[in-house]
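Below you'll find the structure, written out as structure tokens, and then a few comments.
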Amino acid sequence: MFIRDANADDTAAMLRLLRQMAACSSDAEHGPGSSDEQLFGVIENCKTFVLGKNDQLIGINAVRIVDLSEHPRSRYRKMAFIMALGVEEIERRRGYGAALFDHMRKWLSEEEVDLISLNVSASNEAAQAFYRRMGLAARSVQMDQSLKR
């Protein structure tokens, strides 16, 4: 197993992994019907890591750092927002997601990030359980209603 920064040669594998994640999402903009452009837009301006097994990429983690030092009410100087974290379906529950998360957490520590945050689909109970195992806890619940008919 290896984890490294993503590069241009990883585009096809990253798209395959992003599509698998989109299939589990109830988000209309980034769900199963998303275009390649929409999916790559999710990880635009992110630090992106890929995880490989043998010679195949089987995991992706894209994270965006937000500087909050100028925000007068923030308790945090920097926060990281996980934009994507996923492992090939057939390779899940083998520790690869945890390895990606730990790699990211170490990098974020080096970047002096104070907080990790993310959104996860309410219907994706497996992802919620994974993030709880990684030490994250729900702090708020986002609710919405489409007014588009």
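Details
- Segment 42-82: number of residues that are over 14 Å from H103 (Cβ atoms), within 13 Å of the chain's Cα centre (by Cα) and among the β-branched types (V, I, T): 3
- Applying the criterion of being open to solvent by less than 70 Å² (accessible area, probe 1.4 Å) and without any contact (Cβ under 8 Å) to a residue 12 or more places away in the chain to the residues of segment 113-149, the residue that is nearest to I82 (Cα to Cα) is V120.
Yes/no per residue for (1) assigned to a loop (DSSP other than H, G, I, E, B); (2) not polar (S, T, N, Q):
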position: S34; (1), (2): yes, no
position: Q38; (1), (2): no, no
position: T48; (1), (2): no, no
position: A80; (1), (2): no, yes
position: M83; (1), (2): no, yes
position: R105; (1), (2): no, yes
position: L108; (1), (2): no, yes
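- Index of the failed condition, F81 passing every other in (1) surrounded by fewer than 17 Cβ atoms within 10 Å (Cβ to Cβ); (2) out of contact with any Lys or Arg (no Cβ under 9 Å at 6 or more places or on another chain); (3) not β-branched (V, I, T): (2)
- Among residues of segment 50-78, those that are surrounded by 14 or more Cβ atoms within 10 Å (Cβ to Cβ) and in a strand (DSSP E or B), counted: 15
The values are calculated or read from the model by the stated rules, or taken from the named source; none is laboratory data. Predicted, not measured: the structure shown is a model, and the values here were computed from it. Methodologically, a virtual Cβ is constructed for each residue, glycine included, from the backbone with ideal geometry; neighbour enumeration extends over all protein chains shown. Protein only, heavy atoms only, side chains kept; ligands, DNA and RNA dropped before computing areas. Shrake-Rupley method; radii C 1.70, N 1.55, O 1.52, S 1.80 Å.
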